[in-house]
Structure formats: C-alpha cells, structure tokens
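Only one structure is covered here, and it is reproduced in the block below.
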C-alpha cells in the first residue's frame with residue numbers, strides 16, 4: 001500500500017512575507033509542452049495539488065501559447081476558495097511569437113494574463129528568460145514598467161528568470177535594493193548541476209527570494225528521458241540515461257531521488273515541478289513528505305552522483321550569444 005500523504009513544509013520567500021509550499025506547481029505541462037494533456041486532467045491536477053497542500057502555482061503566456069494560463073485559471077477558479085489562499089506567478093517578455101521586453105508590451109501582457117487566469121492580480125510577475133533580451137533594457141525600461149504595475153496593484157512582487165546565472169548578478173547589481181523581490185533559476189539545482197548553490201550567499205545578501213525550477217533537469221532525470229527539443233549535449237543526455245537505468249535496476253526512481261535532492265536546501269524557498277495529472281501530483285507530494293519521515297536515500301544518491309560526475313555542472317548555451 002502507498003504511504004499516506006501528509007502536510008507539506010512551507011518556507012518564506014525572501015523578504016516578500018509570502019509563505020510558499022516547498023514544492024510548487026509548475027504549470028508549463030498544462031500548455032502541453034511535454035505532451036498531450038486534457039483540460040479536465042489539467043484542472044483536476046490543480047485541485048489535487050491544492051488539496052494536498054501545494055499553494056504556489058507558476059505559469060507563463062509562453063507555455064503552450066497561452067494555454068497553460070487558461071487551464072490554470074480554470075483550475076484555480078474551480079478551487080472555490082478565497083484568493084489569498086494560493087500564490088500565483090506568471091511572466092512577461094517571452095511569447096510564442098518571440099521576445100519583447102518593451103514597457104508597452106509587458107504592460108499589456110499582464111492585463112492579458114490576468115484575463116486568462118481570471119484573477120485581479122498575480123503575486124509575482126517575472127521577466128521571462130531575460131538572457132534573450134538586452135539586459136540594459138531590462139534594467140532601464142522593463143523593470144521600471146513592472147514597478148508601475150506593482151504600484152497599480154496588478155502584481156505584488158517583481159521577479160526575473162533565466163538560465164545563465166550571471167544574468168542575475170548583472171541585473172541585481174544595477175537596480176536599487178528592493179527593486180527585484182525574487183529570482184527564478186532553473187536546471188541549476190539538481191543532481192547533475194548544482195551551480196546555483198555558489199550564488200545563494202550573493203542572492204541572500206541582496207534580499208531576494210529564491211525559486212528553483214526543473215529539479216528533473218527538464219526531463220533528463222526521468223526514466224522516459226527528455227523531450228526531443230531538449231538542448232543538452234548527447235554526452236549529458238547519455239549520462240543521465242545511464243543514471244536513470246541504474247536506479248530502475250535497483251528498484252529506485254531517479255525522478256523521486258532528484259526531487260528530494262533539490263528540496264534539501266532550505267535557502268531555496270520552493271522547487272517548481274511540472275505536473276499535469278493527479279498521479280504526478282501525488283507522486284511529487286509523497287516524495288517531498290517522505291523526506292521528513294525517512295530522509296533521502298543517501299546510498300543511491302551517492303551512486304547516481306558518481307555516474308554523473310563526468311558531466312557534473314555541464315549546461316547548455318541560452319540567450320543572445322555574444323560574439
């Protein structure tokens with residue numbers, strides 16, 4: 001019989017005062033970016049996540065060409081609870097048609113997102129994947145526009161997201177303290193890549209809340225492997241596949257191990273995991289709560305780390321490539 005699911009841990013996000021479940025609901029799969037998902041399944045997964053204690057939901061207009069926001073909005077509406085019982089973040093600047101970090105576009109973007117989400121405000125509005133724009137434009141134009149949206153009550157807090165870690169220091173060193181409330185980093189705090197750890201003292205010194213996404217490295221640390229479009233090198237894919245196969249042979253699940261590894265660091269307020277079914281939600285919550293009851297499987301973790309050692313911290317290029 002499956003072990004019972006108990007309450008999740010909640011952590012404060014930087015200086016925002018927000019208390020987030022340490023497992024967050026990544027809604028990109030609701031936009032069918034990892035494969036087909038019915039609207040009913042998407043809504044049901046949102047409801048189940050909230051029932052089991054997940055109170056943080058993250059989306060973007062980019063995911064599935066606005067589909068993720070629409071399905072998440074329907075799921076949140078179906079909860080039938082007061083708005084202050086859940087925390088929502090969405091993004092601006094990245095769209096299916098391309099990148100646009102202009103003040104005009106991001107200002108219009110939040111109104112479009114709020115309509116799809118059926119909300120009056122979001123808790124966090126992120127500039128999405130800023131390495132694909134001009135970082136100087138982000139500092140001088142985009143973030144001031146987001147501050148106006150914050151003053152207007154359309155978002156409570158402002159964040160920035162992206163893959164290369166140096167984008168965070170570039171922007172945070174150029175804006176007044178307290179301007180950026182949150183950063184969202186992905187694929188840099190997982191078994192194969194833990195480089196975010198080196199940046200944590202700096203981020204804490206700047207007073208920003210820290211969200212980490214993709215503990216499964218966008219599908220690398222799964223038995224089924226990454227989607228076709230995954231940008232990792234064949235060497236990294238192959239090593240992760242070997243690690244997944246090793247776990248399976250031992251009767252272990254690499255995704256569960258990867259998820260637990262990423263949750264161990266309490267300097268990271270929440271770990272976003274993509275979910276699109278009740279089954280996935282329950283597996284993720286169980287993996288999280290088992291950390292308290294049993295702890296991480298340190299023996300298997302050490303063996304997986306040994307397999308991945310040759311590719312440790314190997315990443316891939318992202319953004320506007322400097323010549």
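Of all the numbered requirements in (1) assigned to a helix (DSSP H, G or I); (2) touching a strand residue (DSSP E or B) at 6+ places or on another chain (Cβ under 8 Å); (3) under 24 Å from residue 32 (Cβ atoms); (4) at pLDDT 95 or above, residue 261 misses one, and that requirement is (3).
Could you please give the count of residues in the stretch 51-102 that are closer than 15 Å to residue 276 by Cβ and in a helix (DSSP H, G or I)? Here the count works out to 8. Scanning the stretch 148-166 for residues that are touching a residue at least 40 places away in the same chain (Cβ under 8 Å) and within 19 Å of residue 124 (Cα to Cα) yields 148, 149, 154, 155, 156, 157, 159, 161, 162, 163. Among residues of the stretch 149-163 being crowded, with 16+ Cβ neighbours inside 10 Å and assigned to a loop (DSSP other than H, G, I, E, B), the one that is farthest from the chain's Cα centre (by Cα) is 154. Looking only at residues of the stretch 22-50 that are part of a loop (DSSP other than H, G, I, E, B), closer than 21 Å to residue 95 by Cβ and under 17 Å from the mean Cα position of the chain (by Cα), we find that the one that is modelled with the highest pLDDT is 27. In the stretch 120-148, the qualifying residues are those that are part of a loop (DSSP other than H, G, I, E, B) and surrounded by fewer than 20 Cβ atoms within 10 Å (Cβ to Cβ), and the one that is nearest to the chain's Cα centre (by Cα) is 121. Residues that are in a helix (DSSP H, G or I) and surrounded by fewer than 23 Cβ atoms within 10 Å (Cβ to Cβ) within the stretch 264-297 comprise 278, 279, 280, 282, 283, 286, 287, 289, 290, 291, 292, 293, listed in sequence order.
The residues in the stretch 184-198 that are over 16 Å from residue 260 (Cβ atoms) and either crowded, with 24+ Cβ neighbours inside 10 Å or touching a strand residue (DSSP E or B) at 6+ places or on another chain (Cβ under 8 Å) (or both) can be counted, and the count is 6.
The values are calculated or read from the model by the stated rules, or taken from the named source; none is laboratory data. Everything numeric here is computed off the predicted structure, so don't read it as measured data. Cβ: placed from backbone, ideal geometry, glycine included. Neighbour counts: every protein chain shown.
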